[in-house]
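Working notes, beginning with the structure itself.
The values are calculated or read from the model by the stated rules, or taken from the named source; none is laboratory data. Source: prediction; values computed, not measured. All Cβ positions, glycine included, derive from the backbone under ideal geometry; neighbour counts span all protein chains shown. Only protein heavy atoms, including side chains, enter the accessible area calculation; ligands, DNA and RNA are left aside. Shrake-Rupley method; radii C 1.70, N 1.55, O 1.52, S 1.80 Å.
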Amino acid sequence: MAAARPQPGDPLDQDAAISVRGLVKRYGDFTAVDGLDLDIRRGEIFALLGPNGAGKTTTVEICEGYRRRDAGEVRVLGEDPAEGDRRWKSRLGIVLQSGGGDSQLTVRELLRAQASYYPEPRDADEVLGLVGLTEKAGVRARALSGGQRRRLDVALGIVGRPELLFLDEPTTGFDPEARRQFWALIRSLRDLGTTMLLTTHYLDEAEALADRAGVIARGRLVEVAVPSALGGRGTAPALVSWTEQGARRTEATATPTAFVRELATRFQGEIPDLAVARPTLEDVYLQMIGEAGR
Ligand code: ATP
């Protein structure tokens, strides 16, 4: 199946942007990542979901080469991150959970400085346009608002023209309009061929952006699927609700269209307060992490 996750013991996927098998990370006696298997295909946006402390950042930082693993195999753009050299690192873009941005330099100066580390950087002004910071180019980074700093973090992450971009909770602190603009930016980066690994606590963000989503709970990957099918959402019964004789009625059905047609016949027209709902991503997510915790 297209969305299936790798099984323990499967070989590494050499064509994948990221391939992880049996990953284990311990902090003292505590096992933060507990035998994780994951493949991220080239060109896709993959959202990693999971509650606080589930092991997302640990996994991502091992893939970035920032943390050492205790066991398992990892390949990122064909190389082991524990041995990745400067050339390999220049193919990655990283937007950390808490960015910097406290610099005395202006936004444009910071971007140009960052660009100088890469062999084929994007033009700094082009990147400022992409993230909507053109008007702030001459402003010192420390004078930016919280949401603007986050955009600067994204700009710094993409100025090196990365093949693979890591985005750790990128839109925390964004206002709703800035989030929509950011989503458009992410989609345009995908159109340019950038693979992205996104961690987020915003399920609507995962649904809007991700080609596939994976749920981590207690250091293990619980499921991988397209967001619309996660947790059996695609085939879950629909809940049809209406008001009848002053009372709210709800029926779970696999054939909501036929059921509504029957109701319409019974009411001979409009069905009072009709609503048809399927489980939201949040519904199935909360159920999945609840089950994983038991
Ligand atoms: P969040 O959604 O809160 O960012 P996360 O899924 O990214 O959470 P991690 O940061 O990977 O979670 O942490 C996983 C677990 O490992 C947590 O229980 C955390 O306390 C622990 N942990 C992470 N880093 C360290 C460290 N350097 N030393 C000790 N324990 C750590």
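Hey, for a label at residue 184 modelled as a point 7 Å past Cα toward Cβ, could you say which residues of segment 193-217 have their backbone N under 20 Å away?
Those under the cut-off are 193-194, 204-210.
So if I place +1 on the C-beta of Lys and Arg and -1 on the C-beta of Asp and Glu, and nothing else carries charge, what would the dipole magnitude of segment 232-292 be about its Cα centre? I want it in debye, nearest 20. Display every interim value, and only then the final one.
On the way: 6 positive and 8 negative charges, 29 e Å.
Taking the Cα centre of segment 232-292 as origin, the dipole is about 140 debye.
Which of the lysines could be linked to residue 136 by a straight reach, that is with a Cα gap under 22 Å, when you skip same-chain ones fewer than 8 residues away?
Partners within reach: none.
Taking every DSSP beta bridge that has both residues in segment 69-225, what percent is antiparallel when rounded to the nearest 5? Each step should come with its number before you reach the end.
Details: 7 of 16 bridges.
For segment 69-225, the DSSP antiparallel bridge percentage is about 45.
Under the classification rounded if a/c is under 1.5, otherwise prolate if a/b is larger than b/c and oblate if not, where does the chain fall, given a ≥ b ≥ c as square roots of the Cα gyration tensor eigenvalues? List each step's numbers first, then the result.
Values: a/c = 2.44, a/b = 1.51, b/c = 1.62.
Cα axes put the chain in the oblate bin.
Using the heavy atoms of the protein chains alone and a 1.4 angstrom probe, what is the accessible area of the chain per residue in square angstrom? Intermediate results must be reported in sequence, preceding the final value.
Working: 14690 Å² over 294 residues.
That works out to 50 Å² for each residue.
For a quick check of understanding: with a 1.4 angstrom probe and all protein chains in place, what accessible area in square angstrom does residue 103 have, to the nearest ten?
30 Å²
Need the list of lysines near residue 89 for cross-linking: C-alpha distance under 26 angstrom, and skip anything on the same chain fewer than eight residues off.
Once the sequence-local lysines are set aside, what remains near residue 89 is 25, 56.
Which of rounded, prolate, oblate describes segment 8-52, given a ≥ b ≥ c as roots of the alpha-carbon gyration tensor eigenvalues and a/c under 1.5 marking rounded, otherwise prolate only if a/b is larger than b/c?
Oblate, since a/c reaches 1.5 and b/c is not below a/b.
How far is the Cα center of segment 213-231 from the Cα center of segment 25-98, in Å?
Segment 213-231 and segment 25-98 have Cα centres spaced 16 Å from each other.
Roughly speaking, to the nearest percent, how much of segment 232-292's 1.4 Å accessible area is carbon and sulfur? Don't jump to the answer; show the numbers that get you there.
Numbers: 2030 of 3970 Å².
It is 51 percent, rounded to a whole number.
GNM on the chain, C-alpha springs below 10 Å: top fluctuator among 211, 13, 191?
The residue with the greatest mean-square fluctuation here is 191.
What is the sum of charges around residue 38, taking Lys and Arg as +1, Asp and Glu as -1, for the other residues whose C-beta is under 9 Å from the C-beta of residue 38?
Values: positive: 5, 21; negative: 37, 39.
With Lys, Arg at +1 and Asp, Glu at -1, the net is 0.
Quick one: angle between helix 256-267 and the longest Cα principal axis of the chain, in degrees between 0 and 90, rounded to 10, please.
Helix 256-267 sits roughly 40 degrees off the main axis of the chain.
Which residue fluctuates most in the GNM of the chain (Cα springs below 10 Å): 282, 270, 44?
Of 282, 270, 44, the most mobile in the Gaussian network model is 270.
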